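A.B. asks: Before I ask anything, let me first share the structure, which is written out below as structure tokens.
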Amino acid sequence: MIDRNHRPSEDACLTHADKDSLRWDEPKRLAILRDYGVLDTDREAAFDDIVALIARICEAPIAVVNLIDADRQWFKAEAGLGVRETPLATSFCAHTLLQADGMVVRDASLDPRFAANPLVTGEPHLRFYAGRLLKTQDGVPLGALCVLDTKARPEGLTDLQQMALQTLADQVMSQLELRRVLRQREESEDTTRRALQASNYVGAWDWDIVADRVVADERFAAMYGVDPVMARTGAPIADFTRSVDPQDEARVQAEIQAAMSGEGRFHSEYRVRDAQGQARWIVARGQVYFDPTGAPVRFSGVVVDITDRKQADAELEAIAARLSASEAQFRVLADAMPQMVWSTRPDGFHDYYNARWYEFTGVPAGSTDGEGWTDMFHPEDQPRAMERWRRCLATGEPYEIEYRLKHHSGVYRWTLGRAAAVRNPDGEISRWFGTCTDIDELKRLEQGRELISQELSHRIKNIFAVITALVALSARQYPEARAFAASLRTRITALARAHEFVRPHTETSQPTVGANTLHAFLSDLFQAYADDAGAARVHLAGDDAVFDDQAATSVALLFHELATNAAKYGALSRTGGRVDLATRREEDRFILTWIETGGPPVSEAPTRTGFGSSLASLSVEGQLGGRLVRDWRPEGLRILVDLPATALSRRRAAEKAH
């Protein structure tokens, strides 16, 4: 979440430093932006759907439709941000305006333009940005459609993601143009209504049909190219109708005759040519009056200039055509995606699938709409998949599940299904967008890896068992070595247990520690490093913590690596050396401090990081979500491990959350 009240220093400001470099006049750009009438308006589903879709396509946690105002960036739509505006000083998109079409920042922490930005140095620690300009037809930039990530992306976006970003940016502009034209049309129609009520917007006429004299005011006469003096006293109808555009002349004459021969009401929209030959659209409303015999004798009415409205109508048609083309591009984009893409109504009714779905399943188009899609699941997976889907529909939480989907070949293939809800301004779900990804090959590779891992583990266990048997046999042959043999067997057994935790695992082979505590687990792990008398050389102290099997492998990898290095190079490599491991809880953090003493003196930090050390760092930072700091002191290595308090017992934390 970004703090809307945060005001960064001037050094962090991302506004344009060199106004002379702009390709546009900034006051004019701001005037154009405000003419769209979109700033500070409510959220709209059309824009919300776009940011939700581009966030999913680009696999980004944040996406926004960003409009650059004078001193702020305002978001017409946003996903993953939680605010509607932020100061311009922290804007990435302000820099995007300086580019021809858009901008990609692969790692903001390495980019001198953004390295000092508060949103990079502090929460939410942004790293990646990709944006495409929102430009008017005249090329004036109003803002950007962009995606942001807290992780750097050296590879940038894929070609498909870049195409999606540009296509949806065009669709945003089509929506903005449509809103502007509709607003202008509404304003024009309101002006037309007020003009008609006043009866003097353009002018009024009174036609004496019997005498064929039309009396009109000066503005009416000017519109039809008639001398105002003649119009005041009366001129033949032909003097006025000759200004009607030839394309409309026959229709207008027919409408006049219809009014005179019917009920007398007249309404017509047509073009007239003024004295300069310019065409103007008008709407004429009038009433024919009849004598007692039913013959038409008078015809009076008013005209209103609706040229602006007609132009708005034409522009609206053009916008609608572009919007239709944009919709077609979206469907092409969805069909070009390697995943199967689907969408549902708020109640879960499936009403859209892309081409990939039909290619994969081989079913006729439309046959899996509604509830028909459930028949494509493996019978064993249907109850589980439906239960998860119903829960997501009820709670709005993201949908993610692995199931077997029926391929057009008749076999079932493992598929990863994901979906997210799009919400309207009131927080109600307006749509679900989802994807299905074929992971069957990945599943097969995983099964093969598990088989190899189990085979390797079996062989290593056999080696430990053979060594233990050989030690026992030697002890029987040499009774004086019985104490040594017992100690050695204890160490070998502890190493075997440690191996069980540190070897690669899948979900099915993961060792179970049950309702254990961290201290109990580590004490068991460190038995292999006890002294000859069986006394511990790694001393545990401090706060204990509940510990479950989801964290077991990561913790075992870390401390097995630390203890092994200490035994080879550090404190445990000498008889008098020892390790103190202190643990403490600080609010929502759990801190572990590893301190080695009595070992060889440390002259300097190693110049090369070995595989084991890299693996230890990965266990802490990647799998446990924490931080690992090494301090190479002369008296011995000191390591600080800072973890979220929930990292050691994720299952318990998840149960509390629900």
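A.B. asks: Give the order of Thr344, Thr293, Thr553 when sorted by the count of other beta carbons within 10 angstrom, beginning with the fewest.
C.D. replies: By the 10 Å Cβ count, ascending: Thr293, Thr553, Thr344.
A.B. asks: Just in the stretch 38-132: which GluC sites (Glu not before Pro) are loop by DSSP and have at most 10 other Cβ atoms within 10 Å?
C.D. replies: none
A.B. asks: Relative to the longest principal Cα axis of the chain, at what angle does helix 246-261 sit, 0 to 90 degrees, rounded to 10?
C.D. replies: 70 degrees
A.B. asks: For the pairs Lys76/Lys151; Lys76/Lys310; Lys76/Lys135; Lys406/Lys443, note any where the Cα-Cα span goes beyond 23 Å. Walk me through the intermediate numbers first.
C.D. replies: Details: Lys76/Lys151 25 Å; Lys76/Lys310 29 Å; Lys76/Lys135 15 Å; Lys406/Lys443 16 Å.
As for pairs spanning more than 23 Å Cα to Cα, those are Lys76/Lys151; Lys76/Lys310.
A.B. asks: Does the stretch 547-648 come out rounded, prolate or oblate by the C-alpha gyration tensor, with a ≥ b ≥ c the root eigenvalues, rounded set by a/c under 1.5 and, if not, prolate when a/b is larger than b/c and oblate if not? Don't skip to the answer; put the middle values down first.
C.D. replies: Numbers: a/c = 1.88, a/b = 1.64, b/c = 1.15.
Prolate, since a/c reaches 1.5 and a/b exceeds b/c.
A.B. asks: I've got another one for you. Compute the label zone of Ala541 within the stretch 575-609: residues whose backbone N is under 14 Å from the point 7 Å along Cα-to-Cβ.
C.D. replies: 578-584, 593-597
A.B. asks: Tell me which trypsin sites (Lys or Arg not before Pro) from the stretch 117-218 have a DSSP coil assignment and no more than 14 other beta carbons within 10 Å of their own.
C.D. replies: Loop-located and lightly packed - Lys151.
A.B. asks: Still on this structure, please answer the following. Angle between the Cα long axis of helix 45-57 and the longest principal axis of the chain, 0 to 90 degrees, nearest 10?
C.D. replies: Helix 45-57 and the main axis of the chain meet at about 30 degrees.
A.B. asks: Follow-up question, since we're still on this one. Quick one: grab the alpha carbon gyration tensor of the stretch 103-164, order the square roots of its eigenvalues as a ≥ b ≥ c, and give me rounded if a/c is under 1.5, else prolate or oblate depending on whether a/b is larger than b/c.
C.D. replies: Working: a/c = 2.52, a/b = 1.50, b/c = 1.68.
Since a/c reaches 1.5 but b/c is at least a/b, the shape of the stretch 103-164 is classed as oblate.
A.B. asks: Would you please classify the overall shape of the stretch 234-326 from the alpha carbon gyration tensor, given that a ≥ b ≥ c denote the square roots of the eigenvalues, rounded means a/c under 1.5, and beyond that prolate means a/b larger than b/c while oblate covers the rest?
C.D. replies: Verdict is prolate for the stretch 234-326.
A.B. asks: Going by C-beta contacts inside 10 Å, put Ile282, Ile209 in order with the fewest on the left.
C.D. replies: Sorted ascending by nearby Cβ count, the order is Ile209, Ile282.
A.B. asks: Provide the percentage of antiparallel DSSP beta bridges, counting only those with both residues in the chain; round to the nearest 5.
C.D. replies: Once the DSSP bridges in the chain are tallied, antiparallel ones form about 95 percent.
A.B. asks: Same structure again: Measure nothing fancy, just the Cα-based angle from helix 440-477's long axis to the longest principal axis of the chain, in degrees from 0 to 90, nearest 10.
C.D. replies: 10 degrees
A.B. asks: As a footprinting exposure proxy, order Glu586, Glu400 by other Cβ within 10 Å, with the fewest listed first.
C.D. replies: Lowest count first: Glu586, Glu400.
A.B. asks: To continue, here is another question. Answer with a single label: of [x] 38.5, 144; [y] 26.0, 79; [z] 25.0, 81, which was calculated as Rg and Dmax of the Cα atoms in Å from the structure in view?
C.D. replies: [x]
A.B. asks: Charges at C-beta only: +1 for Lys and Arg, -1 for Asp and Glu. How large is the resulting dipole of the chain about its Cα centre, in Debye rounded to 20?
C.D. replies: Value, rounded to 20: 2420 debye.
A.B. asks: Can you list which of the GluC sites (Glu not before Pro) found in the stretch 200-287 are DSSP loop residues with at most 14 other C-beta atoms within 10 Å?
C.D. replies: Of the GluC sites (Glu not before Pro), the ones in loops of the stretch 200-287 whose Cβ has at most 14 other Cβ atoms within 10 Å are Glu263.
Bear in mind these aren't lab numbers, they're just calculated from the coordinates by the rules spelled out. None of these values were measured; they are calculated from a predicted model. Using ideal geometry, Cβ is built from the backbone for each residue, glycine included, and neighbour counts are taken over all protein chains shown.
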